[in-house]
Amino acid sequence: GAVVSQHPSRVICKSGTSVKIECRSLDFQATTMFWYRQFPKQSLMLMATSNEGSKATYEQGVEKDKFLINHASLTLSTLTVTSAHPEDSSFYICSARGPGVGELFFGEGSRLTVL
Amino acid sequence: ILNVEQSPQSLHVQEGDSTNFTCSFPSSNFYALHWYRWETAKSPEALFVMTLNGDEKKKGRISATLNTKEGYSYLYIKGSQPEDSATYLCAFTNFGNEKLTFGTGTRLTIIP
């Protein structure tokens, strides 16, 4: 099946710094990628839909200036958590729409800890 | 607000036993139901995508059924093996909306 790679898998940063997470589709082109966040004991919650060459669509309650999404190529989308605070500590995971109908392929996820 | 419920939250099963768990979802405006297996430190892996009421899908020892009228899906694992230990997620999409709404998952542990 198609492979999506996410990097870094773990990141620890100081409060106020910015962190960039990359999501790459390794063997297919992905015009649409999705970013999710998961807090402990909760479900994966969609944050935004990333479309290649256009602005991301954010879900209600997700601050677009806080979570910057760039999808500049057909194989790469990035999520930047700007001026991170401890409440941004969470598990972030991306997915990409694969070549088949209805198929979504996920990255491995990134655990962000903000001190 | 869409709500996807999975039960039980966690489950311990003896190796060799069969097991099943449930995903319930809103039945109105249904489009598709997805099942994923998520092993620790790995990517969620797609198991099934089901769209039609009465659908039954099978992959090896794992199978799933779908009832869109009452809004539930069952996942069955026959003859559990240690490698089946994982969190099983279901996700639902509405007609005309490609976004997945996930349940919290069922964490399955197979006891050797």
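The values are calculated or read from the model by the stated rules, or taken from the named source; none is laboratory data. Being a predicted model, the structure only gives us computed values, none of them experimental. Glycine also receives a Cβ, built like all others from the backbone with ideal geometry; neighbour counts cover every protein chain displayed.
Annotations
- Considering the conditions (1) in contact with a Leu (Cβ under 7 Å, 6 or more places away or on another chain); (2) acidic (D, E); (3) away from chain B (no Cβ under 13 Å), A:D65 is excluded by exactly one of them, (1).
- The one condition in (1) without any contact (Cβ under 8 Å) to a residue 60 or more places away in the chain; (2) buried (at least 17 other Cβ atoms within 10 Å of the Cβ) that A:L74 fails to fulfil: (2)
- For A:Q60, the stated conditions do not hold, so it cannot be described as facing chain B (nearest Cβ under 10 Å) and either closer than 18 Å to A:S90 by Cβ or of a type in the set (D, E, K, R) (or both).
This table checks each residue for (1) assigned to a strand (DSSP E or B); (2) closer than 24 Å to B:V49 by Cα.
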| position | (1), (2) |
| --- | --- |
| A:I21 | yes, no |
| A:R24 | yes, yes |
| A:D27 | no, yes |
| A:Y36 | yes, yes |
| A:A96 | yes, yes |
| A:R111 | yes, no |
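- Against the test of being within 21 Å of B:A32 (Cβ to Cβ) and basic (K, R), the options A:R97, A:R10 yield a single qualifying residue, A:R97.
- Residue ID - nearest to the other protein chains (Cβ to nearest Cβ), chosen from residues in segment A:3-51 that are within 16 Å of A:N70 (Cα to Cα) and basic (K, R): A:R24
- Matching residues, segment B:61-83, being surrounded by 15 or more Cβ atoms within 10 Å (Cβ to Cβ) and either acidic (D, E) or in contact with a Pro (Cβ under 9 Å, 6 or more places away or on another chain) (or both): B:G71
- Pick from segment B:54-112, criterion without any contact (Cβ under 8 Å) to a residue 24 or more places away in the chain and of a type in the set (S, T, Y), ranking: nearest to B:S28 (Cα to Cα): B:T65
- Applying a threshold of 7 Å to beta carbon distances and a minimum spacing of six or more residues, or different chains, the list of pairs starting in segment B:28-53 at a residue that is more than 9 Å from chain A (Cβ to nearest Cβ) and ending at one that is charged (D, E, K, R) and outside any strand (DSSP E or B) reads B:N53/B:K69.
- Total residues in segment A:81-108, condition loosely packed, with under 15 Cβ neighbours inside 10 Å and either of a type in the set (A, V, I, L, M) or touching a Lys or Arg at 6+ places or on another chain (Cβ under 9 Å) (or both): 2
- Among the residues examined, B:R61 does not qualify as within 11 Å of another protein chain (Cβ to nearest Cβ) and at pLDDT 95 or above.
- Any chance A:R111 is under 21 Å from B:R37 (Cα atoms), surrounded by fewer than 19 Cβ atoms within 10 Å (Cβ to Cβ) and within 14 Å of chain B (Cβ to nearest Cβ): yes
- Of the set (1) outside any strand (DSSP E or B); (2) touching a strand residue (DSSP E or B) at 6+ places or on another chain (Cβ under 8 Å); (3) under 30 Å from B:E5 (Cβ atoms), all apply to A:Q60 but (2).
- Per the listing A:Q6, A:Q38, the residue uniquely of a type outside the set (D, E), crowded, with 16+ Cβ neighbours inside 10 Å and out of contact with any Leu (no Cβ under 7 Å at 6 or more places or on another chain) is A:Q6.
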